[in-house]
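Engineer: The structure's right below; bear with me while I get my questions together.
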Amino acid sequence: MISIGVYSRAAEVPYVKERRGRAVKKLLLVALAAIGGLLVYRQIQADRAEQDLWTEATDSVPAGSGV
């Protein structure tokens, strides 16, 4: 004999799976956004470092001249 509790749990399983699926999707979205943000930050830092290097290399007054 099958109890009624088995039927009520079977109805909840798709809901739980759907909730977990949404949670996993949100977690992946947050992880991808964090990785994207990190990559953008690193690129900005690299661009600033390159700009500083070019500024230093093309500066008309030498750094150690005291002028």
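Engineer: Considering only the other residues whose Cβ falls under 15 Å of the Cβ of THR55, what net charge follows from Lys and Arg at +1 and Asp and Glu at -1?
Structural biologist: Result for the neighbourhood of THR55: -4.
Engineer: Given 0.36 nm per residue, what is the gain on full extension from LEU32 to ASP52 after removing their alpha carbon distance, in nm?
Structural biologist: This chain segment gains 4.2 nm when fully extended.
Engineer: Using the Cβ atoms and a cut-off under 13 Å, what net charge is assigned to the surroundings of ARG42, where Lys and Arg are +1 and Asp and Glu are -1?
Structural biologist: Within the 13 Å Cβ shell, the charges total -1.
Engineer: Further, regarding this structure: First select every other residue whose beta carbon is under 14 angstrom from the beta carbon of LEU28; then total the charges, Lys and Arg +1, Asp and Glu -1.
Structural biologist: So the environment of LEU28 carries a net charge of +4.
Bear in mind that the values in this text are calculations on the coordinates, not laboratory data. Since this is a predicted model, take the numbers as computed values, not measurements. Positions of Cβ are generated from backbone atoms using ideal geometry, with glycine treated the same way; all protein chains shown enter the neighbour counts.
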